[in-house]
1. Could you tell me which residue of the stretch 394-444 is most open to solvent (accessible area, probe 1.4 Å), considering only residues that are without any contact (Cβ under 8 Å) to a residue 12 or more places away in the chain and aliphatic (A, V, I, L, M)?
2. Looking only at residues that are more than 26 Å from the chain's Cα centre (by Cα) and open to solvent by less than 70 Å² (accessible area, probe 1.4 Å) in the stretch 971-990, which one is nearest to Pro920 (Cα to Cα)?
3. Which residues, counting only those in the stretch 172-222, are of a type in the set (Val, Ile, Thr), at pLDDT 85 or above, within 39 Å of the chain's Cα centre (by Cα) and surrounded by fewer than 20 Cβ atoms within 10 Å (Cβ to Cβ)?
4. Being outside any helix (DSSP H, G or I), surrounded by 24 or more Cβ atoms within 10 Å (Cβ to Cβ) and of a type outside the set (D, E, K, R), is that true of even one residue in the stretch 467-489?
5. Looking at the stretch 888-903, which of its residues are open to solvent by less than 10 Å² (accessible area, probe 1.4 Å), within 18 Å of Arg838 (Cα to Cα) and among the aliphatic types (A, V, I, L, M)?
6. What number goes with the only condition from (1) closer than 23 Å to Arg970 by Cβ; (2) crowded, with 20+ Cβ neighbours inside 10 Å that Leu862 does not pass?
7. Just name the residue that is surrounded by the most Cβ atoms within 10 Å (Cβ to Cβ) out of those in the stretch 835-845 that are over 14 Å from His769 (Cα atoms) and in contact with a Ser or Thr (Cβ under 9 Å, 6 or more places away or on another chain).
8. Just give me the residues in the stretch 545-574 being more than 34 Å from the chain's Cα centre (by Cα), more than 20 Å from Gln510 (Cβ to Cβ), surrounded by fewer than 20 Cβ atoms within 10 Å (Cβ to Cβ) and not aliphatic (A, V, I, L, M), in sequence order.
Amino acid sequence: MDAGQTVIRALHVLLHEADPHAKRAADEWLLRFQQAPEAWQTADQLLHTPMLDGNEVCYFAAQTIRTKIWNDFEQLPEQAHASLRDSLLSHLEQRATGANAILTQLCLALACLAVRMSSWEQPIHDVHARLGMATRAILEFLTVLPECALDSKLAVERGRRRVVRASLSETAPHVYELLVHLGASEPPVCVLRCFLSWFRLSAAELAHATSQTSAPPDGGAAVSAAVGNAIARANPLVQLAMEELFKPDGDGFEVAVDVCIELVRLLAGESGGDGDGGPSSGGDMALTRQATALTHLGPLLDRLRPQLHAHVEAGDEDAARGLCRLFAETGEACAPLLVHALGGVLPPTVSGVVDGACVERCGMLVQAILAASAHPTHEIAEISFNFWYVAMHEITTRLDDERRAAVQTAWAPAYLSLTHVLVRAMVLPDDSDSWGADAFDDFRGFRYACGDGLADAAKVAGGEAVLGAVVESVHAGLLVLPTGAWRLLDGALHGAKALAPHASSARVEQVASMLGAICALPLSSSHHVLHTATLCTSGYAPWLHGLPDRDVRLDRVGRVLQFATACLHGADPRIAPAACTAIKNICDACCEDLAAEPWCTQLLALVLGSRQLALESADRVELLQGCGYVFSLLPVEAAVRYLESVASPLLARLGELCAEGAPPSGSSVEVFALLDQIVALVRYCQISVPECAESHPIAQLLVASWPVLCVVHQRLSRDSRAMERLCRVLKFSLRSATHHAAAFVPAVLDALAGWFDADAHSCFLYVVHVAASSLAGDSPPVDDAIFAAYARMSARVLALVQPLNAEAAGATALLDALGAHPDVLEDFFELSAVMLARYPAVLLHSDRWQPLAALVPPCARLQHKEAWRASTRFAERLLGAHTKRVDMTAATLSVLDATVAHVCPPLACELLIGIAGVLPASRTAPSCAVLRAIVDSVPERGAEWVRGACAVLPPAAQAEVGPAIEAITRANATEREMRTAVDAFSDVCRRRRLV
């Protein structure tokens, strides 16, 4: 069976057979086929061959050629480019009236070829001449051609792309004339879609030309003239788009909206300002262009405003969505003008351009955007939200203090109106009871967007005014709550929660009255309301902490904490997660006030009492996190007492679960939860004790918990989830207790080394890492214990990658052995880097050093991102130590020199191969940094090693690598020069698949 028949058979299996394994195999085969060089000829032959399943096979063949041109154009000899073009033109001519999908793929293939084939000088003329009256095919080709030229994903040399874009931009007027002619016979949607592609290309070229001069000497007259010329040439098509805006049921409405948005962006240009926040000459030019845009489009926008209201009233969401986009995008493009004009702070150089009619039009545009924000469909309303952020940013960051105050006063009514709109929008619709989880998630995201809008409003109109409006809505919701209408209050509470960070600018009475009313809510209220209320009140905990009167502060903190506690113990378990989060937030913000009696006793009772509640593990962790914030500020004796009271039942239950044999079925989850809670205690109880203190509360807790942790290991040593949690207990205990745990560290590390021998969990390595980072140099016994544990663990790691030392092991076997344990390698290299920094002489003279160093070059080819990065960071640490050469004896430096000389040449080879395409492109920059470190570490030999690494590259890659090697090895090369050269080399190799 030839390749074409195999393709046909594989497509039939993929598209028509039911066996999933066969479909997967067929899909994989087809993907491999598309990457193979023979796919060029086979796909071309399939397009020439009539067959029963013509559309499916021909579509795949056309897609394959398009993909090959896009990804594998370098596979094709240059002398074959013309024949490929002619063949594609023949296929397009043959299928010009056929299936749309095949036509599109052929046009995309031709367009990609036109961008990449430098010898094809007149693609538009040739296609038009070949296709004659096949206007649909001509339109499709003309549509996708500028899109391909603009698509940065199409791997084309920068110079070639610039030539193509410039050439097409010069051709645009002729294309516009052709489109006007075709408009008499073709649907407006097709004509406008093609026009939009070319208009975007022209706008991009104009923006590029403008960006080349930061301060035009003519004040921007040339730019304005170029914009005017571009629009004048396209005027008949712009008029067609404007006409389609008033035909919302037509196929061309959406693309007409896109055309008008592109027109606005082109007319308005970029905004700018000088360093002191006022409009500079560039800013004046931007304001002038924006005024011109509104003058040009004003009559259209005036006619569309009533259309928007009519579409909203009629429930026509598609039409409303399009017009909301147009108004919002116009507002964003002209935001600096709107801010200055409506704020009355236009610079004198612009005042003559902006007349009263323009200012009035600015106000109407803002009102239209406000109407868009009030659309009842939240997906449509959210379209306009970014405008309010852009305007806020312009007001608060680009004006000096005097003008900012005037502008804020002028804009405050608009942002207060927005506040009322947003609070109403945050109310759950009446049909929400029938929603599924996805709908609630979508609305939750919309509420967050509304909350961001309220924050923007507070920055402009002031926290007092905006929060005052929201507080009024809260009280209005409280008034109707007894009738069962809870949605209004729920929405208002979400608004109040979003404004909590701005409470400091509000009146104390405003916030106090709201919090008091919320805390008096009956626990029989809707779970939606109570859930939001607990989070809302806790959001104001920082505000409560800032109250100056201590008695008043404690009274209000107590009320909020009591309300959250009551919600936790309420009848509806759906409120519990929010209550736990609220208690944590209150403890975090008010820990200084709560670190005393009777609060600590109440918190202890709360935590112990919560053991009887059906809480999720994450909720219990949040409660303990809150307690940790408070207990951290207690005197040491009290902290020990409270820690023991909380930890003892956790450890007792953990011991029960693991005491006899393996834990009963299903109890592992409880073991995980108990370990997570102990982690929370040792992580968040940051208790300060004097350096001279004999002990530390966390160290005492570690000693008390160690027997239980050993039992957990004995029962669940094979369970990585359990071991991860166990090691977190040790990690955070060592970080908190530091040298106060030194006496106990040798026993812990000895046990960890033994555990790692039996089960190589990477988390055991990380605990030793923490010990070495925190306790190195504390005492000789601790140092000895750290290195002894490292020595045993490194032997186990080396045993895991034993194929590395096997004589018959090739590169594939080597990488397989390393790649089988990426987590272990990651933590091992991180630990080794710390050991090299803390114990350089001991490590370098140990029998672990040479095997460790030998791992570095092969690990530089690991696909696993974190393991690869850890190995290269270790290499950088090694090279850094060699460069600094401090605090080392002559014998140690001799070992270090020999190691660098042995490691760097193969490491440079692996890094260069990775840059050339073996590894993802994201690793090019760190690889370049290590290569440079090799050069800097051994100036007399490093450059030679890097140049020698080129020999491992294929000849075609060697021909391209010169500039990159020159930049890396040149002493005065900047980082940017190196990155540019190395990125260019990497891009060429990947695009041409040279490695």
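The values are calculated or read from the model by the stated rules, or taken from the named source; none is laboratory data. This is a predicted model, so every value here is computed, not measured. In this analysis, Cβ positions are derived from the backbone assuming ideal geometry, glycine residues included, and neighbour counts consider all displayed protein chains. Side chains are part of the model used for accessible areas, which takes the heavy atoms of the whole protein and leaves out ligands, DNA and RNA. Shrake-Rupley method; radii C 1.70, N 1.55, O 1.52, S 1.80 Å.
1. Ala437
2. For the stretch 971-990, the residue satisfying everything is Cys989.
3. Filtering the stretch 172-222 for residues of a type in the set (Val, Ile, Thr) gives 175, 180, 189, 191, 210, 213.
Checking which are at pLDDT 85 or above leaves us with 175, 180, 189, 191.
This time we only want the ones that are within 39 Å of the chain's Cα centre (by Cα), so: 189, 191.
Val189 - this is the single residue of the stretch 172-222 that is of a type in the set (Val, Ile, Thr), at pLDDT 85 or above, within 39 Å of the chain's Cα centre (by Cα) and surrounded by fewer than 20 Cβ atoms within 10 Å (Cβ to Cβ).
4. First, the residues of the stretch 467-489 that are outside any helix (DSSP H, G or I): 484-486.
When the remaining residues are screened for being surrounded by 24 or more Cβ atoms within 10 Å (Cβ to Cβ), the result is none.
For the stretch 467-489, residues outside any helix (DSSP H, G or I), surrounded by 24 or more Cβ atoms within 10 Å (Cβ to Cβ) and of a type outside the set (D, E, K, R): absent.
5. Leu896
6. (1)
7. Leu844
8. Passing the criteria: Arg550, Asp551, Gly558, Gln562, His569, Gly570, Asp572.
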